[in-house]
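Everything on this sheet refers to the single structure shown next.
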Amino acid sequence: MATKPRPAAVDRRKQIEEIATRAFCKLGYAGASMRDIARELKTTQAAVYYHFGAKEEILYSIINAFTEDLLVMLRAQFESSKDPALSLRRALLAHILLLETRSLETRLVIEEKRSLQSANKRRIVAREREVFALYRDRVTSLVSGKRARAFDPAVATFALLGVVNYFLHWYRPTGQLRLREAAEQSIDLMLGGLLIPQAGRLREKRSTAEPAANRSAL
């Protein structure tokens with residue numbers, strides 16, 4: 001039976017992943033080296049290689065952990081309501097709001113996944129297909145239940161995920177809207193096109209209104 005890594009080793013791996021995430025986003029995966037990571041960690045390259053056998057192993061570990069967390073989060077959102085339209089709205093909102101806390105990992109998934117070699121890439125693609133299936137199944141239930149227009153569920157799902165993923169490229173926190181506000185407006189547009197009109201009015205009431213003066217911008 002394989003022994004579990006010691007807590008100190010787990011913490012060190014986490015430190016390496018955090019530093020590598022920043023380095024890969026700043027310099028690009030191809031531009032960042034194990035030397036850069038070791039220098040930022042104030043250790044030797046040998047110490048980094050002790051925990052990760054290669055640079056790609058670090059990238060895969062970061063992307064895999066993020067994708068696993070995304071799946072857990074989406075399943076929870078899809079199970080949060082018996083109303084398929086409401087749970088779809090919640091999933092889309094939570095997915096976009098990951099940019100508030102995990103924007104760097106999101107960037108690596110979208111922009112650097114192509115740097116993985118075939119075996120690791122296949123594993124990540126399999127996880128992404130699980131994400132796609134969660135959304136597609138929810139769209140399928142809405143279409144079959146006559147609550148959504150008769151779009152092909154796969155086409156509709158690709159469109160929804162395209163909007164979610166493109167937030168990374170255009171949204172700026174220094175603009176006029178907070179991320180949540182921009183996300184809710186985008187979701188209104190997406191679901192307004194997908195759902196039968198009366199099924200689209202599903203915005204949940206916020207407990208308190210945020211002052212306009214506190215808004216950040218696009």
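Quick note: the coordinates plus some simple rules give every number you see, no bench work behind them. These numbers come from a predicted model, not from an experiment. No Cβ is skipped: glycine too gets one built from the backbone with ideal geometry, and neighbour counts run over all protein chains shown.
Between residue 76 and residue 100, the modelled labels are 1.3 nm apart [label points 7 Å from Cα along Cα→Cβ]. Among the lysines of the chain, pairs at least eight places apart or on separate chains and with Cα atoms under 19 Å apart come to 13. Where in region 67-86 does the label zone of residue 137 land, with the point 7 angstrom along Cα→C-beta and an amide N cut-off under 18 Å? From region 67-86, the list is 68-86. With a Förster radius of 25 Å applied to the C-beta separation of residue 46 and residue 22, the computed FRET efficiency comes to 0.70.
Given an 8 Å cut-off on Cα distances and at least 6 residues of separation, report the relative contact order of the chain as a percent.
Details: 192 pairs, mean separation 41.5, N = 218.
Dividing the mean separation by the residue count of the chain yields 19 percent.
Against the main long axis of the alpha-carbon atoms of the chain, helix 55-78 sits at an angle near 30°.
So what's the angle, to the nearest 10 degrees on a 0 to 90 scale, between helix 7-27 and the longest Cα principal axis of the chain? With both axes taken from Cα atoms, the answer is about 70 degrees.
Between the helical axis of 118-144 and the longest alpha-carbon principal axis of the chain there is an angle of about 10 degrees. Counting 0.36 nm for each residue step from residue 10 to residue 146 and taking away their Cα separation leaves a gain of 44.0 nm. Other residues with beta-carbon under 11 Å from the beta-carbon of residue 91 carry, at +1 per Lys or Arg and -1 per Asp or Glu, a net charge of +3. Farthest towards the positive end of the charge dipole of region 33-77, among the residues 37, 72, 59, is the Cα of 37, using unit charges on the Cβ of Lys, Arg, Asp and Glu.
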